Amino acid sequence: MRRRLSILLTVVLSLLASCLIGAQSASAAGYIENGADNPVSAAPPISRPATGHCTATLASHFPSNAASGSAQNYSGTLAPPAACAGKAWSKVVLDSTTSVSGRQYDRSGTLTIGGVTVWFGTTQEPGGPTPTTFSFSKDITDFSALLRTPQPFTGGYVNYTDSTYTGVYDQTVHITYYLADSRHPAPSVPDKVVGVPVQDLNPASHTTSTTVSGLPRNITGARLDVTLKGNGCDEQWFTAVPDAVAADYPDAGLCAAGSFREATVAVDGTRAGAVGTYPHIYSGGIVPTLWRPVLAIDTLDLRAESLDLTPFAGRLVDGKSHTLTFAISPIGDTWNVTAALFLYTDHHRARTSGSLTSANVAAAATTDTTVDPARQGAVHYSQTARRADSVTGYIDTSAGRVVTTVSTGRTWSNAGAVSDSGAVQSIRQQDLMTTRSVSRVGARTVRSLFLRESYPITVDFSAADYTDDQNFSLTGTVTMAQDVARFATDGRHATGLAYDWRVSSYGVLARSKGVTSESDGHSTTSYIGTGATGRPYWHVITTNHGRVTSDRHLGV
């Protein structure tokens, strides 16, 4: 689907801009959106403690491009303001606000502090001369150990401009440190955060290794956070079809290699597990009018997946360098991979020791693909994947020998149909990932975590009415969800989070004889569950013609 859409993308961007500039003069039938509201989300806002706080500014109306048009990053040295330096923090929050106008593609950006990628996300596309402003906030409290001392930083959206694509992203970025007090104590956070640089992966080089060194000698726990971003044919990887289906429609430009994707991770050559990824859709994806003004879930701040490496702690404390290997297979195009290692240490012992006792991790998921014979001009297919892994290790600490077992599983399926010579495609994907991690001293549980993530998505897309760049109609319907439950204990306290976040959108974009004939969309997004404070939260937003038509919520 992505390759076919790229042929139309230049025309689509031009069409969107002309719709918003000259909507009133369009003579063809069909509704044409006259602008759109700024992006909105049903997700709860980041909670902020009512305590003293300090704010550091990383960028203030910083343009993504220099006067010459070349891409540029904001950069500098970050340190907590004097009033918050050396004090306990209850929370640390990253806030970003960006405005853009003109014509431009969706772009990706990062923020790296002290060699660690703290944020990785994408933009809202502009829609004409009226600026679009989009914002996000991110809880970065887990990076506190990194943020306590001055660190170099660099960040921003990588953007390219010319006489056609004129949009420049105006970026303002802050980090706010909230002080701890008796009502808002400092949480337990990792004692060290290590950046893990990973090269892009692609079909010609789908495996890469990187080395980390200088790790603490008293590690008690380890977590690897991995963010995956597909590009090209793997931008919407979940719409890629089996090779046999692509071969049935050689002129359609369908993306192949199937639609199952995972990244396996190994530590010093021993497989540690695998991570999937949320089916992110960027703001220009499938049909751009799908995402005005409700963006797909986690578009601005791509969701990371975590892999508990605590069973490997006994290996990591030997004072040597260690190799982390990442691989994506199958793979259809280039993937960006960002990773960070979060380490917990023993506050009462300078050295810990231990060993990995078992690692039962499959080299690849068990997969199956079925392609039915063509019927009435349509080809139906189904794909499944499953894995169940378990890793156990121990670490001798000041609290005794801690034995940790991490069990992970994934059940995935993708059923699709392709018709109209490859111009019409439908997919239904289910993806369930689970993690259960338990640490014990003897028979006593000292730490446990259960995480369940369900990422269903359905996509219906049609370019059946495409004649040429001046005569076409694109329609798309997407329903996606993020259904998450997370429960954790540290032997004394328990925390829980459960929510169901959904987006359902329809978009259409058409041109007849070179004149815009339709540019429209509508959507519903909802969130039900617990908010950042752990209290119930409910939020439903509906939109039509690019505007919010209702916005209802309960809870804080």
Is there a residue in region 413-426 that is of a type in the set (D, E, K, R) and farther than 30 Å from D251 by Cα? no
If the requirement is being surrounded by 17 or more Cβ atoms within 10 Å (Cβ to Cβ), under 23 Å from S188 (Cα atoms) and not hydroxyl-bearing (S, T, Y), which of these qualifies: V446, V441, V459? V446
Within region 454-496, take every residue that is touching a residue at least 60 places away in the same chain (Cβ under 8 Å) and of a type in the set (D, E) and give me the one that is nearest to A252 (Cα to Cα). D469
Quick one: is H348 surrounded by fewer than 13 Cβ atoms within 10 Å (Cβ to Cβ), within 30 Å of P190 (Cβ to Cβ) and not hydroxyl-bearing (S, T, Y)? yes
Of (1) under 30 Å from T516 (Cα atoms); (2) assigned to a strand (DSSP E or B), G35 satisfies all except one. Which? (2)
Suppose the filter is surrounded by 14 or more Cβ atoms within 10 Å (Cβ to Cβ) and either closer than 28 Å to R271 by Cα or free of Cβ contacts under 8 Å to residues at least 60 places away in the same chain (or both); does T405 pass it? yes
Could you tell me which numbered condition Y249 fails, if it satisfies all but one of (1) surrounded by fewer than 16 Cβ atoms within 10 Å (Cβ to Cβ); (2) touching a strand residue (DSSP E or B) at 6+ places or on another chain (Cβ under 8 Å)? (1)
Give me the strands (runs of 3 or more DSSP E) completely within region 375-478, filtered to those with at least 2 residues that are in contact with a helix residue (DSSP H, G or I) (Cβ under 9 Å, 6 or more places away or on another chain), ordered by residue number. 379-397, 400-419, 424-441, 457-462
Tell me yes or no: at least one residue of region 489-503 is small (G, A, S), out of contact with any Asp or Glu (no Cβ under 6 Å at 6 or more places or on another chain) and under 21 Å from V459 (Cα atoms). no
Those residues that are within 21 Å of D368 (Cβ to Cβ), of a type outside the set (S, T, N, Q) and in contact with a helix residue (DSSP H, G or I) (Cβ under 6 Å, 6 or more places away or on another chain), I need them from region 240-277; list them, please. L254, C255, A256, R261
Residues in region 69-92: is at least one over 28 Å from V194 (Cα atoms) and over 21 Å from the mean Cα position of the chain (by Cα)? yes
Which listed residue, of V194, V212, V226, is crowded, with 21+ Cβ neighbours inside 10 Å, in the same structural domain as G393 (by TED's automatic domain parsing) and more than 30 Å from T51 (Cα to Cα): V226
Hey, among the residues in region 184-213 that are of a type in the set (S, T, N, Q) and part of a strand (DSSP E or B), which one's farthest from the chain's Cα centre (by Cα)? T211
Quick check on T338: is it crowded, with 19+ Cβ neighbours inside 10 Å, polar (S, T, N, Q) and in a strand (DSSP E or B)? yes
Restricting attention to region 165-183, the residues that are part of a loop (DSSP other than H, G, I, E, B), crowded, with 18+ Cβ neighbours inside 10 Å, touching a Ser or Thr at 6+ places or on another chain (Cβ under 6 Å) and not hydroxyl-bearing (S, T, Y) number exactly 1
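Each row is one residue, and each column tells you yes or no for (1) modelled with pLDDT of 95 or more; (2) part of a loop (DSSP other than H, G, I, E, B); (3) touching a Gly at 6+ places or on another chain (Cβ under 9 Å).
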| site | (1), (2), (3) |
| --- | --- |
| A244 | yes, no, no |
| G253 | no, yes, yes |
| A256 | yes, yes, yes |
| A272 | yes, no, no |
| Y282 | yes, yes, no |
| T299 | yes, yes, yes |
| R303 | yes, yes, no |
| S306 | yes, no, no |
| G314 | yes, no, yes |
Mind telling me which of the residues G258, G285, G273 ends up being at positive phi, in contact with an Asp or Glu (Cβ under 9 Å, 6 or more places away or on another chain) and buried (at least 24 other Cβ atoms within 10 Å of the Cβ)? G273
Which listed residue is within 30 Å of S419 (Cβ to Cβ) and in contact with a strand residue (DSSP E or B) (Cβ under 9 Å, 6 or more places away or on another chain), from P216, P242: P242
For S6, are the conditions met, namely being of a type in the set (S, T, N, Q), out of contact with any strand residue (DSSP E or B) (no Cβ under 6 Å at 6 or more places or on another chain) and either modelled with pLDDT of 95 or more or closer than 23 Å to L300 by Cα (or both)? yes
Which pairs have Cβ atoms under 8 Å, sit 6 or more apart or on different chains, and link a residue in region 363-385 that is more than 16 Å from T411 (Cα to Cα) to one that is among the β-branched types (V, I, T) and part of a loop (DSSP other than H, G, I, E, B)? Y381/V241
Could you please let me know if T477 is under 24 Å from N38 (Cα atoms), modelled with pLDDT of 95 or more and crowded, with 17+ Cβ neighbours inside 10 Å? yes
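The values are calculated or read from the model by the stated rules, or taken from the named source; none is laboratory data. Because the structure is predicted, anything quoted here is derived from the model rather than measured. With ideal geometry, Cβ positions are generated from the backbone for all residues, glycine too; neighbour counts draw on all protein chains shown.
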